Amino acid sequence: MPNSHDAAPELQLQRRPCSAAWAAAFGAALALLASGAARAGESGPLGDLLQIVTTPRALLALAAEGGGDRREALERGERVLWTGSRGLVGVAVTDKRILAVTTRSAAWQTTRFRRGESAPHVTALGDRVALVVTDRRLLGFDGGSGNLVETSLGLREAFRDARVSANLAVVVTDRRALGLSPFVGGFFEVALRLGESLEGLEAVSDVATVTTSQRLLIFRATSGSWSERLLELR
């Protein structure tokens, strides 16, 4: 059996015949692995990186990393009803507006309540997303881009359930299921069929499942896409 001193020249001889094409392919594979590792790092769990402080005249978002703060002045007579933060996102609800911020934001993102719109009956935070539901709208905050996005509920469209995990939010109404991802901006929706009813909703870090009377609907945060599996007839 050769000792370690004898084995080294043999390994060196085996490397010499490598073609330029093989080396390029090997380099591409390493780049792909590095890209995958970076994506995994982007979607991994976070500690709390943001704190919201309410002062008599402003909201302050204090970043745990890098220092600095984002200030949003309160309007005359505006009352702060709720604040919350998790991971890199924070949300505040006042009697006039919904406000959201991330550690990467240059400023707070805001939207005003519409005339006659209810106060939120769902306000939930993940590490990189936030969700607010009123009787008129679904509002999502994408912590990746720092954008506040929304979609209106249709006439007589009824909210059924919602879940938020670290990297996604999913809402189900009596007409559709909607997913929000911090990696691909905006709400992505799939229509429910006539007579299709909600039976279950679960969400983990990057994947959510909606179980209906007819299908299993799967939302993936990394792609912002829905897929489905038909259920066997009972």
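A few notes on this one:
- Residues of region 181-204 that turn out to be of a type in the set (D, E, K, R) and within 22 Å of SER223 (Cβ to Cβ), as a count: 2
- Which listed residue, of GLY47, GLY90, GLY36, is surrounded by fewer than 16 Cβ atoms within 10 Å (Cβ to Cβ), of a type in the set (Gly, Ala, Ser) and at pLDDT 60 or above: GLY47
Yes/no matrix, rows are residues, columns are (1) under 17 Å from PRO120 (Cβ atoms); (2) hydroxyl-bearing (Ser, Thr, Tyr):
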| position | (1), (2) |
| --- | --- |
| GLY140 | yes, no |
| THR151 | yes, yes |
| SER165 | no, yes |
| PRO182 | no, no |
| ALA203 | no, no |
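- The condition (being touching a strand residue (DSSP E or B) at 6+ places or on another chain (Cβ under 9 Å), among the aromatic types (Phe, Trp, Tyr) and either over 28 Å from TRP226 (Cβ atoms) or in contact (Cβ under 8 Å) with a residue 60 or more places away in the chain (or both)) is satisfied by just one residue among PHE159, PHE188, PHE141, PHE183: PHE183.
- From GLY143, GLY185, residue being under 17 Å from the mean Cα position of the chain (by Cα) and either among the basic types (Lys, Arg) or crowded, with 20+ Cβ neighbours inside 10 Å (or both): GLY143
- Top-ranked residue in region 103-140 [being among the hydrophobic types (A, V, I, L, M, F, W, C), touching a Leu at 6+ places or on another chain (Cβ under 9 Å) and surrounded by fewer than 20 Cβ atoms within 10 Å (Cβ to Cβ); ranked as farthest from GLU157 (Cα to Cα)]: ALA124
- Only one of the numbered conditions (1) of a type in the set (Val, Ile, Thr); (2) crowded, with 18+ Cβ neighbours inside 10 Å; (3) touching an Asp or Glu at 6+ places or on another chain (Cβ under 9 Å) is not met by THR151, and that is (2).
- Residue within region 201-214 that is farther than 27 Å from GLY44 by Cβ, charged (D, E, K, R) and modelled with pLDDT of 95 or more present: no
The values are calculated or read from the model by the stated rules, or taken from the named source; none is laboratory data. This one's a predicted model, so the numbers in the text were calculated from it and none came from an experiment. Every residue, glycine among them, receives a Cβ derived from its backbone with ideal geometry; neighbour counts consider all protein chains shown.
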